[in-house]
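Below is one structure; the comments refer to it alone.
The values are calculated or read from the model by the stated rules, or taken from the named source; none is laboratory data. Please read these numbers as outputs of a predicted model, since none were measured by experiment. Reconstructed Cβ throughout: ideal geometry from the backbone, glycine too, with neighbour counts over all protein chains shown.
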């Protein structure tokens with residue numbers, strides 16, 4: 001017997017309902033201390049995230065060397081001035097997102113936020129590299145390119161972690177759904193026996 005579809009409820013509300021229903025029918029025991037969630041040991045994940053944060057911060061001194069106001073006199077669009085300012089704002093956002101993720105590495109929303117911020121930040125830095133090459137100094141552009149190359153492993157690692165975490169959350173949702181369905185069938189059978 002299938003769980004009835006309730007289109008007015010969001011997926012989140014449905015998941016919460018299924019979790020509550022399953023826990024009502026069959027109390028779950030807490031996992032033993034020291035067990036991994038299937039994504040990696042918590043200390044290892046936190047350590048990797050903090051290392052990633054350090055790697056991302058390494059580009060800040062390079063970005064501080066950029067002089068987009070001088071580029072304008074060489075024919076560059078004034079938008080580069082604003083782009084550099086927004087790159088620094090985005091860098092603070094990446095640091096904030098990674099800090100959140102290191103505090104709660106099991107939260108999918110934090111992992112998604114960190115991944116998208118890192119990806120967006122890297123795109124902005126790459127764009128600035130092209131401008132530096134054309135309007136300031138090709139050697140500084142090469143430093144930025146080297147940073148992007150060296151730090152790409154961190155982005156790939158974050159993407160892999162996000163994929164694993166998503167798969168884990170999907171598996172948990174499947175288990176909750178199956179348990180809720182099993183519990184519902186048990187409740188129906190108990191009701192039929194009483195009649």
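To keep it simple, each residue is scored yes or no on (1) under 15 Å from the mean Cα position of the chain (by Cα); (2) closer than 16 Å to residue 47 by Cα.
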site: 103; (1), (2): yes, yes
site: 112; (1), (2): yes, no
site: 128; (1), (2): no, no
site: 160; (1), (2): yes, yes
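Please verify whether residue 187 is surrounded by 12 or more Cβ atoms within 10 Å (Cβ to Cβ), closer than 16 Å to residue 116 by Cβ and in contact (Cβ under 8 Å) with a residue 60 or more places away in the chain, treating the condition exactly as stated. Taking the combined requirement at face value, the residue does not satisfy it. Inside the range 129-157, residues that are over 12 Å from residue 59 (Cα atoms), in contact with a helix residue (DSSP H, G or I) (Cβ under 6 Å, 6 or more places away or on another chain) and crowded, with 19+ Cβ neighbours inside 10 Å make up a count of 4. Inspection of the range 42-52 identifies no residue that is modelled with pLDDT under 50, buried (at least 16 other Cβ atoms within 10 Å of the Cβ) and in contact with a helix residue (DSSP H, G or I) (Cβ under 8 Å, 6 or more places away or on another chain).
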